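Asks: Have a look at the structure that comes next, please.
The values are calculated or read from the model by the stated rules, or taken from the named source; none is laboratory data. Keep in mind the model is a prediction, meaning the values are calculated, not measured. Quick reminder, even Gly has a Cβ in these numbers, built from the backbone with ideal geometry, and neighbours come from all protein chains shown.
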Amino acid sequence: MAFIYQALPEDQLLQITKHKTAKTIWDALKTRHMGEERVQQARLQTLKSEFEMLHMKEDETIDAFTTKLTTLVNKAFSLGHTMKDEELVRKLLNAVPDRYLQIVASIEQYSDLDEMTLEEAIGRLKTYEERIKFKKGRQVDNQENLMFTRHKNKGRFSRGRGRGKYRFSQGRNRENFKNERKDGENSHKNSNNNSKRSNFDTSKLTCYKCNKIGHIAPRCPDKAKHNEHLHLVEEDL
């Protein structure tokens with residue numbers, strides 16, 4: 001009994017003082033430690049279940065996830081169970097989201113997972129994570145610059161709109177206006193050439209433009225007014 005008392009901590013001595021022989025003390029200690037071992041095994045099984053179900057979230061970083069992973073590893077070690085780096089590396093590569101699929105495939109193809117440490121795997125994933133953040137930040141900056149340029153150009157081109165008597169909402173109307181003006185100029189040139197080449201009497205002819213007698217269509221006063229109106233519209237625009 002003296003040897004047992006010397007080997008036990010003080011908190012356990014108070015629990016065995018009721019026993020009067022070394023045999024009863026030993027049996028009590030054995031039962032107590034068996035119960036504690038069962039509790040430890042139950043806790044360890046719970047930690048293993050949490051370890052198997054652990055997965056990295058989409059918005060989670062490598063540092064945050066590895067903190068959870070190492071916390072479980074340390075708890076398991078305190079209960080007497082040691083996890084190997086090989087098991088931890090495979091768990092880490094299988095738990096990351098799909099955006100890390102490229103670097104995971106590269107690690108599995110060109111590296112020996114049995115020889116890789118957990119710290120090395122974490123370092124490679126963090127390097128890839130920083131590259132993804134850099135590319136996303138550059139894409140956001142380019143999109144913001146593009147939107148600013150479009151807004152600036154839109155404001156510059158819209159300053160001339162709404163001025164004048166007529167407005168053109170589509171490019172087709174503007175093309176029709178140009179074609180109409182071009183036809184009028186060509187008709188005017190042809191009428192001048194025809195007037196020089198022919199001096200026949202037009203007093204009894206009917207104009208098909210205005211249906212009036214005394215002139216022909218190339219010399220129609222209404223057409224001249226129309227051409228003048230087109231010139232005014234263009235100048236106004």
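Asks: Does Glu52 qualify as being assigned to a helix (DSSP H, G or I), assigned by TED's automatic domain parsing to the domain that holds Thr117 and under 54 Å from the mean Cα position of the chain (by Cα)?
Replies: Yes: the conditions hold for Glu52.
Asks: Give me the helices (runs of 4 or more DSSP H) completely within segment 60-134, filtered to those with at least 3 residues that are farther than 28 Å from Thr46 by Cα and under 27 Å from the mean Cα position of the chain (by Cα), ordered by residue number.
Replies: It comes to 101-110.
Asks: Continuing with the same structure: Do you know which of the residues in segment 112-138 that are among the small types (Gly, Ala, Ser) and at pLDDT 90 or above is nearest to Asp63 (Cα to Cα)?
Replies: Per the stated criteria, the residue is Gly123.
Asks: Given Glu60, Glu87, Glu36, which one is free of Cβ contacts under 8 Å to residues at least 60 places away in the same chain and farther than 30 Å from Ala105 by Cβ?
Replies: Unique residue meeting the criteria: Glu36.
Asks: Among the residues of segment 57-76, are any farther than 18 Å from Gly123 by Cβ, surrounded by 12 or more Cβ atoms within 10 Å (Cβ to Cβ) and either modelled with pLDDT of 95 or more or of a type in the set (Val, Ile, Thr) (or both)?
Replies: Yes, some residue in segment 57-76 is farther than 18 Å from Gly123 by Cβ, surrounded by 12 or more Cβ atoms within 10 Å (Cβ to Cβ) and either modelled with pLDDT of 95 or more or of a type in the set (Val, Ile, Thr) (or both).
Asks: Counting just the residues of segment 13-41 that are over 26 Å from Ser78 (Cα atoms) and among the β-branched types (Val, Ile, Thr), which one comes out surrounded by the most Cβ atoms within 10 Å (Cβ to Cβ)?
Replies: Ile25
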